[in-house]
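Working notes, beginning with the structure itself.
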Amino acid sequence: MSGPIHIQPGETFTLNVGPQHPATHGVLRVKMEMDGEYIVKAETVLGYIHRMHELMGENRTYPQVLPNLSRLDYLGALGYTHGHVLAVERAAGIEVPERAEYIRAITVELNRVASHLFWFGAFVMDLGGFTPLMYAIQDREHILDMLEAVTGSRLTYCYYRFGGLYNDIDDDFIAAAKAFIPRMRKSLKKYDALVTGNIIFEKRLKDIGPISAEMCRKYGATGPVARGAGIDFDVRKNEPYSVYPEFDFDIPVYHECDSLARYKVRMEEMEQSLRIVEQGLEKLPDGPIMPAKKPKLIKPPAGDYYQAVETARGSFGIRIVSDGGKNAYRFKLRSPTYSNMSLFDEACEGMMIMDALAMMGSLDLVIPEIDR
Amino acid sequence: MGAYFTEIFRGLQSLAIGLGITFKEFFQPVVTVSYPYETIKMSERYRGHIELIEDEEGKAKCVVCGMCERACPSGCISLASESVEYEVEVKGEMKTKKKKVLTKYDLNFTTCSLCGQCVENCNFGAITFSKDYNLASSRKEDFHFDLLNRLKERNS
């Protein structure tokens, strides 16, 4: 080997972050052209965990695709399965009993809290604080236990069915959820005191990692990323689906456009989700969880159907083109993180590498969902 | 100048608050269990791999209709059967009839995604989820379960 490498002034070098790097939370690779500690150009490279979910959706019958949807985003899986069943129900014209829709909303919101809790822990860990992750996982464990008791699995749920649910919730679940809400509110106060007020945390995030509203519109970013840039858009309010119009909840919007704003949006969303769960448990009607009349074989009439839902990461859209057969002709998934990640290349230009990684954490990327 | 010192004071205060919280958590009861020695009871609806259900005679309830095989998204179930002749009394006469008997129920657990389509599609209530979660092996052949054999072992 020759001697040490001396970089000439003005010369850049290439740095590969990933595909196996803890900061990217999965197998995302970012090819960065660096000038010292500053990023000149970045390019995100995908394809390390591609599993052809869309193609699978095209050569399997509709019920056989059910387990696939929870493998997209393993942290907030119920939101994605909710979108799928709503899309197929819309296509095939299946009526859903009210109780089933309420239970869907309750479980989706609990799952959203679990997803945000894990993001919160992982995000603070990216910035160098390990302890909050342990507290967040402890709270998340309660949600997973509750969901395991009704759905039978802890992460990759296959709970919703076309027309209703796999099985009904019991009194234990209702009691556990009611006990969880005050506990979680107390924890949120704890997190605020422990993390939000922390001076190191604030200095790492405030006015750093700007993502403007224009950039969000350009790349189609949704969810907390867009709401942190001052765009008041939430599918639950703007294109109401399921039983969401029945609930009273707010959409947190911050106009600072920095990493701290995105953090605050998610922390407030947890509180709003708890409000929805609280109201859902109160209003929960009695009745069946599956419709009395359900087609044995699901064959939607020929046509083009689209359904968008608000998942923990943003607006998830699912498009089904049917030719009247047992399988979908086209099965398109519009995943929110794909758009949220696309703006990273442009947004991180000229930033220091540790600020860029903090910003990447605030985007809340889940790689299997980008690379479906 | 004043703002500078206020910020230093505020920063130190925020660190002290954080340390106070972690100090308080230090005295909270332990929430974990030391796994191989203690285990948590699985919930009632926990989905493990599937298992055959027996009838009153201790034989598999399965009638080999093949609904589970067809419903499975990953094709991890394979059935084999043979037809057996048996005699039955109809209106005082003895008649021979044929029926299918299950000879093999293979589950390839390596590709199973635990969606529950097989259990849901079974019209005879012949399969259920087991509570078996303690599965670990370095050989993939260990996850090819012969469910009929497991049923016999359970009965003996």
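The values are calculated or read from the model by the stated rules, or taken from the named source; none is laboratory data. Here the structure is a predicted model, which means the values were calculated and not measured. Methodologically, a virtual Cβ is constructed for each residue, glycine included, from the backbone with ideal geometry; neighbour enumeration extends over all protein chains shown.
Per-structure values
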| quantity | calculated |
| --- | --- |
| Residue match in the range A:135-143 (condition: assigned to a helix (DSSP H, G or I), away from chain B (no Cβ under 13 Å) and farther than 19 Å from B:Leu15 by Cα) | yes |
| Residue among B:Leu107, B:Leu148, B:Leu102, B:Leu114 that alone is part of a helix (DSSP H, G or I) and in contact (Cβ under 8 Å) with a residue 40 or more places away in the chain | B:Leu148 |
| Meets criteria (closer than 27 Å to B:His144 by Cβ, charged (D, E, K, R) and surrounded by 11 or more Cβ atoms within 10 Å (Cβ to Cβ)) for B:Glu54 | yes |
| Residues of the range B:39-91 that turn out to be in a loop (DSSP other than H, G, I, E, B), touching a Lys or Arg at 6+ places or on another chain (Cβ under 9 Å) and among the hydrophobic types (A, V, I, L, M, F, W, C), as a count | 5 |
| Test for A:Thr196: is it at the interface with chain B (Cβ under 9 Å from one of its Cβ atoms) and at pLDDT below 90 | no |
| Near pairs, Cβ below 6 angstrom, 6+ apart or cross-chain, from the range A:40-66 (more than 14 Å from chain B (Cβ to nearest Cβ)) to any residue that is assigned to a loop (DSSP other than H, G, I, E, B) and at pLDDT below 90 | A:Val40/A:Thr12; A:Ala42/A:Cys348; A:Leu46/A:Asp371; A:Tyr48/A:Pro19; A:Tyr48/A:Val27; A:Ile49/A:Val27; A:Ile49/A:Asp371; A:His50/A:Asp371 |
| Scan of the range A:1-52 for residues that are under 30 Å from the mean Cα position of the chain (by Cα), among the hydroxyl-bearing types (Ser, Thr, Tyr) and at pLDDT 85 or above, ordered by number | A:Tyr38, A:Thr44, A:Tyr48 |
| Single match in A:Leu75, A:Leu110, A:Leu117, A:Leu86 (criterion: over 30 Å from A:Gly197 (Cβ atoms) and either aliphatic (A, V, I, L, M) or assigned to a strand (DSSP E or B) (or both)) | A:Leu86 |
| Scan of the range A:284-323 for residues that are crowded, with 23+ Cβ neighbours inside 10 Å, aliphatic (A, V, I, L, M) and modelled with pLDDT under 90, ordered by number | A:Ala312 |
| Hits in the range A:257-283 (condition: without any contact (Cβ under 8 Å) to a residue 40 or more places away in the chain, acidic (Asp, Glu) and surrounded by fewer than 18 Cβ atoms within 10 Å (Cβ to Cβ)) | A:Glu282 |
| Close pairs from the range A:236-251: first closer than 12 Å to A:Gln279 by Cα, partner of a type in the set (A, V, I, L, M, F, W, C), Cβ under 6 Å, at least 6 apart | A:Val243/A:Ala105; A:Phe247/A:Ile276; A:Phe249/A:Ile276 |
| Count - residues of the range A:159-175 that are farther than 20 Å from A:Pro295 by Cα, within 11 Å of chain B (Cβ to nearest Cβ) and not charged (D, E, K, R) | 2 |
| Unique match (being of a type in the set (A, V, I, L, M, F, W, C) and in contact with a strand residue (DSSP E or B) (Cβ under 8 Å, 6 or more places away or on another chain)) among A:Ala292, A:Ala213, A:Ala226, A:Ala261 | A:Ala226 |
| Residue check, A:Val225 crowded, with 19+ Cβ neighbours inside 10 Å and within 11 Å of chain B (Cβ to nearest Cβ) | no |
| Test: A:Gly83 is surrounded by 15 or more Cβ atoms within 10 Å (Cβ to Cβ) and within 14 Å of chain B (Cβ to nearest Cβ) | no |
| Count of the range B:1-38 residues which are under 21 Å from A:Pro132 (Cα atoms) and either touching a residue at least 24 places away in the same chain (Cβ under 8 Å) or assigned to a loop (DSSP other than H, G, I, E, B) (or both) | 7 |
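Table: residues versus (1) at negative phi; (2) touching a strand residue (DSSP E or B) at 6+ places or on another chain (Cβ under 8 Å); (3) within 14 Å of another protein chain (Cβ to nearest Cβ).
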site	(1), (2), (3)
B:Gly2	yes, no, no
B:Ile8	yes, no, yes
B:Gly18	yes, no, yes
B:Thr22	yes, no, yes
B:Val33	yes, no, yes
B:Glu44	yes, no, yes
B:Arg47	yes, yes, yes
B:Val63	yes, yes, no
